[in-house]
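Read the structure below first, then the notes.
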Amino acid sequence: MRFPVPILILFSGLPIFAADDADAFDSPQGSEIVERYISALAAQRENPRPVQMEMDIDAELPRLKKTGRLHAFRFVPKVGRIVYDALRFEGDNTVKKEVIARYLEAERSARSDYAGSIAISAENYKFKYKGEADYVGRTAHVFQVTPRKKRVGLFEGELWVDAKTYLPLREWGEFVKNPSVFLRSVYFVRDYIIEDGVSLPRRIISDVDTRLVGRAKLTIWYNNPSVGSPSDAAVTANGAQLCVPTRFGN
C-alpha cells in the first residue's frame, strides 16, 4: 500500500502558506489574524534552525490484524533532507515496510513543489473565524477552512493559530478529493507545540480508508525536541494530554 506524496506533505510537520486574498475572509479580524500567521511562518522559514527530537510511530492495519511501532531519532537540518535513526521496531514487517517506511521516505523526499497548490492560503481556502479556544493552556484563534476548489491535497476542517505567536497549533480535517482510486477517504489531525519561538510537530494522527486493505491508522508522537545545534541541551516537550476531535474518538 503506497501513500501518495500530496497526502504525506500534510503530515510532514512543515507548515505551508501563500499570499493573502481579501475575499477569503468573513471578517476584518479574521483577515488580520491570518496575515500575522503568514508573517510568522515566513519568518520561521527564512531563519531556519536545526531541530532534533525523538519520535514514536504506531501503525495499524485493523482488518489484517497487523500492527507495528517504531522508536526513532529525527534530525531536521537547516538545509537538506531529514535524517532518521531507527532505534527500535516491534511488530509486523508488512506494517514496517508498507506503512512506516513509506511514510518516512515520503517525508524525507517531499519538496516545496506542492506548497503553492495545497498551501493553507487565501488563494486555496476561504476562512471563517469561529472564535477563541483553549489549547493545552494556550489561547488559539480557530478558523473553519473550506477549499475554493475540489483539488487533490486540499482539506475541509479547521486551522488553530496561537494568539501570542501566530504560529500554527493545530490543523485537522478530511481531504475533499482522494489522490488515488485506492483510497476512499483520508482524515488527519496535526498538532504542534511552540518551543523557543518555533512551531514544532507534537502529534500526527492519520486515518485512511483504503479499498485494498481497509483502514490504515498512523499515530506519531514527537518528544524531547531541541532547537538549535545538535549539541544543545534537549528541551522537554509539554507532556499534557491533547484532546482529539470527535471523528477520532473511537
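A few notes on this one:
- For I204, the conditions (1) over 17 Å from I118 (Cβ atoms); (2) crowded, with 16+ Cβ neighbours inside 10 Å; (3) modelled with pLDDT of 85 or more are fulfilled apart from (1).
Listed here are the residues, each with its yes/no results for (1) touching a strand residue (DSSP E or B) at 6+ places or on another chain (Cβ under 7 Å); (2) not in a strand (DSSP E or B).
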site: E105; (1), (2): no, yes
site: F127; (1), (2): yes, no
site: D134; (1), (2): no, no
site: T139; (1), (2): yes, no
site: W172; (1), (2): yes, no
site: I194; (1), (2): yes, no
site: P201; (1), (2): yes, no
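Residues are listed down the side, and each one gets a yes or a no for (1) farther than 17 Å from R203 by Cα; (2) part of a strand (DSSP E or B):
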| position | (1), (2) |
| --- | --- |
| M55 | no, yes |
| R63 | yes, no |
| T67 | yes, yes |
| H71 | no, yes |
| R74 | no, yes |
| R81 | yes, no |
| A86 | yes, yes |
| E90 | yes, yes |
| T94 | yes, no |
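- Restricted to region 143-153, and to residues there that are assigned to a strand (DSSP E or B) and β-branched (V, I, T), the residue that is farthest from A133 (Cα to Cα) is T146.
- Among the residues of region 175-192, the ones that are surrounded by fewer than 17 Cβ atoms within 10 Å (Cβ to Cβ), among the charged types (D, E, K, R) and part of a strand (DSSP E or B) come to 1 in all.
- For region 152-174, a residue qualifies if it is touching a Ser or Thr at 6+ places or on another chain (Cβ under 7 Å), open to solvent by 10 Å² or more (accessible area, probe 1.4 Å) and more than 30 Å from G228 (Cα to Cα), and the qualifying residues are E156, E174.
- Scanning region 35-74 for residues that are surrounded by fewer than 16 Cβ atoms within 10 Å (Cβ to Cβ), closer than 21 Å to A216 by Cα and among the aliphatic types (A, V, I, L, M) yields a single hit, L64.
- Test: residue in region 21-37 that is in contact with a Leu (Cβ under 8 Å, 6 or more places away or on another chain) and modelled with pLDDT of 85 or more: yes
- Count of residues meeting criterion [under 18 Å from R190 (Cβ atoms), modelled with pLDDT of 80 or more and open to solvent by 10 Å² or more (accessible area, probe 1.4 Å)] in region 103-122: 1
- Residues being small (G, A, S) and in a strand (DSSP E or B) - total across region 154-170: 1
- Single match in Y125, Y84 (criterion: of a type in the set (S, T, Y), more than 26 Å from W221 (Cα to Cα) and modelled with pLDDT of 85 or more): Y125
The values are calculated or read from the model by the stated rules, or taken from the named source; none is laboratory data. Everything numeric here is computed off the predicted structure, so don't read it as measured data. Neighbour counts run over all protein chains shown; Cβ positions are idealised from the backbone, glycine included. Note: areas computed on protein heavy atoms with side chains; ligands, DNA, RNA excluded. Shrake-Rupley method; radii C 1.70, N 1.55, O 1.52, S 1.80 Å.
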